[in-house]
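Take a look at the structure set out below.
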Amino acid sequence: MPKRFITRIELTLPTRTKLTDVSHSNGMTQVAVLSRIVQWFAAQPETIQAAVLGRYPAEIAPDVARLILERMANGQKK
């Protein structure tokens, strides 16, 4: 098994409540849920990461989403 690390994160109370709900409804620990989310995020192309992080201006977000989906449909990575 690969070496594991524990990382602390800061959550607002509403976010923590939702995380608890998701964890309970899936029968998983919060650490397991967050680990899977981070694994998924780290494996995404930079364009997806930037969109998730809100790095595109709100005015162009719908266009960016469409362009990303078009590229994904055509098999392009970026």
Kindly write out, for the range 29-44 in residue order, the coupling ³J(HN,Hα) from the Karplus curve 6.51 cos²θ - 1.76 cosθ + 1.60 (θ = phi - 60°), rounded to whole Hz, with x marking Gly and Pro. 7, 5, 4, 5, 4, 5, 4, 5, 5, 5, 4, 4, 4, 5, 7, 7
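Which chymotrypsin sites (Phe, Trp or Tyr not before Pro) in the chain sit in a loop by DSSP (not H, G, I, E or B) and have at most 15 other Cβ atoms within 10 Å of their own Cβ?
PHE5
Please go through the range 14-59 and write out the trypsin sites (Lys or Arg not before Pro) that DSSP classes as loop and that have at most 15 other C-beta atoms within 10 Å.
Passing sites in the range 14-59 are ARG55.
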What is the extension gain from ASN26 to LEU53, computed as 0.36 nm multiplied by their sequence separation minus the C-alpha to C-alpha distance, in nm to one decimal? 7.2 nm
For the chain, the longest principal axis of the Cα atoms and the Cα long axis of helix 61-73 enclose an angle in degrees, to the nearest 10, of 90
Options (1) 12.1; (2) 15.0; (3) 17.0 are given for Kirkwood radius over Cα pairs in Å, and the computed one is (2)
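Read-outs throughout are calculated quantities, based only on the coordinates presented, and are distinct from any laboratory measurement. Note that the structure is a prediction, hence the values are computed from the model and not measured. Every residue, glycine among them, receives a Cβ derived from its backbone with ideal geometry; neighbour counts consider all protein chains shown.
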